[in-house]
Amino acid sequence: MGAFMRAMILSVLALVTLAACGNTERSLRDMRTTDGGPDEFSVIPAQPLALPETLALVTPTPGGANLADPTPKADAIAALGGNRAVQLAGGIPASDSGLIAQVTRYGVDADIRANLAERDATARRRKQASNVFNPLNRDRYFPLYAGQALDADAELARLAALGVLVPNAPAAE
């Protein structure tokens, strides 16, 4: 009976060890991925395809609405849980001018996505070259971006020292 129990325990341990080596889904953090990352616009519902009355090409109207997507901004607002009737015609409302001034006080980089993608690719290449040997297939995402991680507790302490009340702060772990 003792040999049977030992064999059973070893079998269970082998099964648990094998399951721990299974492939986990971490596609957004995979440093070897070649796609462009998450598509932040995938939440917008696509309109169903419809066959037009005539297949003749429509005369273009510069500055006019797109026939396939006549209200893209209102659709995006509705998809994100907003009220599509509150769409602003002028872009940024006057009540947000202070916010825009604060955010753009150091300038605005129109090519920010391309610049960040280039810097990120450089950092990934540098990190991958220094960490070629990875026998346990460890997650390389967090070590790569550790310098950019925010410390919520330190930020809460900094804000508290400034006298800023943060009522929704989670409990410290």
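Where a number appears in this text, it was derived from the coordinates with a stated rule and is not lab data. Note that the coordinates shown come from a computational prediction; the quantities given were computed from them, not determined experimentally. Cβ coordinates were reconstructed from backbone atoms using ideal geometry, including for glycine residues, and neighbour counts include every protein chain displayed.
Ordered by packing density, taken as the mean number of other Cβ atoms within 10 Å over each peptide's residues, highest first, how do 115-127, 155-167 rank?
Details: 115-127: 11.9, 155-167: 9.7.
Put in order of decreasing packing, that is 115-127, 155-167.
Can you tell me the order of 77-84, 146-153 when each peptide is scored by its average per-residue count of other Cβ atoms within 10 angstrom, highest first?
Working: 77-84: 12.2, 146-153: 8.8.
Descending packing order for the listed peptides: 77-84, 146-153.
What is the ratio of the Cα radius of gyration of segment 111-166 to 2.2 N^0.38 Å, where N is its residue count, to two decimals?
Numbers: Rg = 16.8 Å, N = 56, 2.2 N^0.38 = 10.2 Å.
So the Cα radius of gyration is 1.65 times the expected 2.2 N^0.38 Å.
Want the number for Ser95 to Ala56: 0.36 nm per residue separation, take away the alpha-carbon distance, what's left?
Details: separation 39, 0.36 × 39 = 14.04 nm, distance 4.53 nm.
So the chain would gain 9.5 nm between Ser95 and Ala56.
Asn66: net charge of surrounding residues, Cβ under 12 Å, Lys/Arg +1, Asp/Glu -1, itself excluded?
Details: positive: Lys73; negative: Asp69, Asp75.
Its environment carries a net charge of -1.
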